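All remarks here apply to the structure that follows.
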Amino acid sequence: MDKPLRVLVVDDDKSICRWLNAVLTAEGYECLATRSIEEAEPLLSEGPIDLALLDIYIGQANGLEFLEKLKALQPECQCVVMTAHASVETVARSVAGGALEYLSKPLLIDELLALLKKLTGPRQTPSPARKDSFAPESAIVGRSPKMLEVYRAVARVAPSTASVLITGASGSGKELVARAIHAHSTRADKPFTPINCGSFPETILESELFGHEKGAFTGADTTRSGLFEATNKGTIFLDEISETSLGFQVKLLRVLQEHKVRRVGSNTFLPIDVRIVAATNKDLSTLIRAGQFREDLYYRLTVVTIQLPSLEERADDIPLLVQHFLESFNQRNQRHVNISDDAVKLLASMSWPGNVRELENLFERLAIFAATDEISAEEVERERMRRSEATSAPDNSTASLPGKLEEIERQEILRALRESGGNKSLAARKLGIERKTLYEKARRLAIDLQSKQT
């Protein structure tokens, strides 16, 4: 009969140690349950350990430091990190330190057993840990299961050179994920350059990215290098990649295939080393079928795809997001605003079609206009009612549905402009849209952005 696999558990929570010991023993493992690093360290020299389940925070000690020691002494040991405080930084550090998997607390028995079955199959030797230091914590906030999947994906793909496509609805945080990939890659000390592809006509976008020679077109008075050259050795983030033309997509495909760029008006190809991370809020496969997006470019960009959940899919993260926005607002404005528990519960019960960006905008408005230093549930309810009224169509049976919707949209834009004192950038942020989109909507809805009456 085969010798049972030895599993080391390190967690300062007595009940978790007891539970894991019972589950693992029942499944035929030899469990070594410890509640401190001091208790666990001697076991590392008492024979091989096949699997380790480590909490990140063990009393006052840091489980990631113990992970490094464990991997140094027992490099064949497969490690799983557990914590209730998941973040992209902790997951990335765990993976870089040698952890193969990550479990979020509270632990679920089915998830634990599935992971044990996966890890105790054919043995694999993990790659040596990278010694690079990590960047400061990112602005990605969330501990829901869907966000944990995002963190895992970032941790796995960041050290590689693979192109990444980030998908998700507007306002879900695609640029934050792109920045996290860059921050946890070997390119972290090199430039990160974001560009919104939907903000430029094709010719200007091409000039911005590839550069141009003097005299290449009207107004090209000097030779100018593009963003690909300026970002050499770094990461370029192409947001709204779905808004590019087929002609531009051909040129981008050549960059991905040949790692060279040619400035507009030049016959010379320049070598570049740039990682491309792209993002879209549209279904590219649908655009491919419609002939609006190149299939070969799609496969080049989607070596790895990360799907971001909507805020509705991660509603459990709303209290954490509110706390994050609160701290950020107070730091920026030298204020000491707080928020009541009932107000947070009400925010968590609301719908957020504009996702995290909409929540952040509404929270900022609440903080600015709070009657006291604490945002109350009554103030949140007033905002909820105002928002509901703004999105309710007028009771006019003779009006067509498109006409009603246009009038609602028009009134909401006018309200945002009034609240922003005519500042178009601030109004766009309040609405959760790009400034370019605000101009397009204003033109379509006959809104005079220069009028003092808006």
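Kindly establish whether Asp11 is open to solvent by 10 Å² or more (accessible area, probe 1.4 Å) and either among the hydroxyl-bearing types (Ser, Thr, Tyr) or touching a residue at least 24 places away in the same chain (Cβ under 8 Å) (or both).
no
Go through (1) modelled with pLDDT of 70 or more; (2) open to solvent by 20 Å² or more (accessible area, probe 1.4 Å); (3) closer than 23 Å to Ile16 by Cα for Tyr102 and report which single condition fails.
(2)
Condition test on Thr223, is it more than 30 Å from Ala348 (Cβ to Cβ), open to solvent by 50 Å² or more (accessible area, probe 1.4 Å), out of contact with any Ser or Thr (no Cβ under 9 Å at 6 or more places or on another chain) and at pLDDT below 95?
On the way: more than 30 Å from Ala348 (Cβ to Cβ): yes; open to solvent by 50 Å² or more (accessible area, probe 1.4 Å): yes; out of contact with any Ser or Thr (no Cβ under 9 Å at 6 or more places or on another chain): no; at pLDDT below 95: yes.
No, not satisfied.
Give the residues of region 364-418 that are open to solvent by 90 Å² or more (accessible area, probe 1.4 Å), at pLDDT below 70 and not in a helix (DSSP H, G or I), sorted by residue number.
Within region 364-418, Thr391, Asp395, Ser397, Thr398 meet the criteria.
Of all residues in region 238-256, which are under 14 Å from Gln292 (Cα atoms), outside any loop (DSSP other than H, G, I, E, B) and either touching a strand residue (DSSP E or B) at 6+ places or on another chain (Cβ under 6 Å) or basic (Lys, Arg) (or both)?
Once the filter is applied, which keeps residues that are under 14 Å from Gln292 (Cα atoms), outside any loop (DSSP other than H, G, I, E, B) and either touching a strand residue (DSSP E or B) at 6+ places or on another chain (Cβ under 6 Å) or basic (Lys, Arg) (or both), region 238-256 yields Ile241, Ser242.
Scan region 232-239 and tell me whether some residue there is touching a Pro at 6+ places or on another chain (Cβ under 9 Å) and either open to solvent by 40 Å² or more (accessible area, probe 1.4 Å) or free of Cβ contacts under 8 Å to residues at least 24 places away in the same chain (or both).
Within region 232-239 (the criterion being touching a Pro at 6+ places or on another chain (Cβ under 9 Å) and either open to solvent by 40 Å² or more (accessible area, probe 1.4 Å) or free of Cβ contacts under 8 Å to residues at least 24 places away in the same chain (or both)), the answer is yes, since at least one residue qualifies.
Val80: under 17 Å from Arg156 (Cβ atoms), touching a helix residue (DSSP H, G or I) at 6+ places or on another chain (Cβ under 9 Å), surrounded by fewer than 24 Cβ atoms within 10 Å (Cβ to Cβ) and touching a residue at least 24 places away in the same chain (Cβ under 8 Å), yes or no?
yes
Could you please give the count of residues in region 15-47 that are under 18 Å from Leu112 (Cβ atoms) and either modelled with pLDDT under 85 or in a helix (DSSP H, G or I) (or both)?
The total comes to 14.
Would you pick out the residues in region 422-454 that are among the small types (Gly, Ala, Ser) and modelled with pLDDT of 80 or more?
Gly422, Ser425, Ala427, Ala428, Ala442
Conditions tested, residue by residue: (1) closer than 24 Å to Thr161 by Cβ; (2) hydroxyl-bearing (Ser, Thr, Tyr); (3) open to solvent by 40 Å² or more (accessible area, probe 1.4 Å).
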site: Ile241; (1), (2), (3): yes, no, no
site: Gln249; (1), (2), (3): yes, no, no
site: Leu256; (1), (2), (3): yes, no, no
site: Arg289; (1), (2), (3): no, no, yes
site: Leu311; (1), (2), (3): no, no, no
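Can you pull out the residues in region 266-286 that are out of contact with any Lys or Arg (no Cβ under 9 Å at 6 or more places or on another chain) and more than 21 Å from Pro309 (Cα to Cα)?
Answer for region 266-286, where residues must be out of contact with any Lys or Arg (no Cβ under 9 Å at 6 or more places or on another chain) and more than 21 Å from Pro309 (Cα to Cα): Ser266, Asn267.
For region 184-203: of the residues being among the hydroxyl-bearing types (Ser, Thr, Tyr) and closer than 14 Å to Lys233 by Cα, which is least open to solvent (accessible area, probe 1.4 Å)?
Ser185
Checking Leu209 against (1) over 30 Å from Ser185 (Cα atoms); (2) not in a loop (DSSP other than H, G, I, E, B): exactly one of these is not met. Which one?
Failed condition: (1).
Looking only at residues that are closer than 22 Å to Arg254 by Cα and open to solvent by less than 80 Å² (accessible area, probe 1.4 Å) in region 295-309, which one is farthest from the chain's Cα centre (by Cα)?
Out of the qualifying residues, it is Asp296.
I'd like to check something: does region 260-280 contain any residue that is in a helix (DSSP H, G or I), touching a strand residue (DSSP E or B) at 6+ places or on another chain (Cβ under 6 Å), surrounded by 15 or more Cβ atoms within 10 Å (Cβ to Cβ) and not acidic (Asp, Glu)? If you could, list the steps in order and put the result at the bottom.
Pass one, region 260-280, residues in a helix (DSSP H, G or I): none.
Checked region 260-280: no residue is in a helix (DSSP H, G or I), touching a strand residue (DSSP E or B) at 6+ places or on another chain (Cβ under 6 Å), surrounded by 15 or more Cβ atoms within 10 Å (Cβ to Cβ) and not acidic (Asp, Glu).
Can you name every residue in region 150-183 that is open to solvent by 10 Å² or more (accessible area, probe 1.4 Å), out of contact with any strand residue (DSSP E or B) (no Cβ under 7 Å at 6 or more places or on another chain) and farther than 25 Å from Ser285 by Cβ?
Pro159, Ala183
If Gln334 passes every condition in (1) open to solvent by 80 Å² or more (accessible area, probe 1.4 Å); (2) among the polar types (S, T, N, Q); (3) touching a residue at least 24 places away in the same chain (Cβ under 8 Å) but one, which one does it miss?
Every condition holds for Gln334 apart from (3).
What is the residue count in region 258-288 for residues that are out of contact with any helix residue (DSSP H, G or I) (no Cβ under 7 Å at 6 or more places or on another chain) and either in contact (Cβ under 8 Å) with a residue 24 or more places away in the chain or not small (Gly, Ala, Ser) (or both)?
Final tally of qualifying residues: 14.
So, Glu206, is that one farther than 22 Å from Ser285 by Cα, open to solvent by less than 70 Å² (accessible area, probe 1.4 Å), touching a Gly at 6+ places or on another chain (Cβ under 7 Å) and of a type in the set (Asp, Glu) or not?
The answer is no for Glu206.
Can you name every residue in region 184-203 that is over 14 Å from Arg263 (Cβ atoms), in a helix (DSSP H, G or I) and modelled with pLDDT under 90? Even if it seems obvious, please write down each step before you answer.
First pass over region 184-203, keeping only residues over 14 Å from Arg263 (Cβ atoms): 184-202.
Next cut, in a helix (DSSP H, G or I) only: 197-199, 202.
Residues satisfying the conditions are Gly198, Ser199, Glu202.
The values are calculated or read from the model by the stated rules, or taken from the named source; none is laboratory data. This one's a predicted model, so the numbers in the text were calculated from it and none came from an experiment. As a convention, Cβ positions derive from the backbone with ideal geometry for all residues, glycine included, and neighbour counts pool all protein chains shown. The area values use the complete protein model at the heavy-atom level, side chains included, leaving out ligands, DNA and RNA. Shrake-Rupley method; radii C 1.70, N 1.55, O 1.52, S 1.80 Å.
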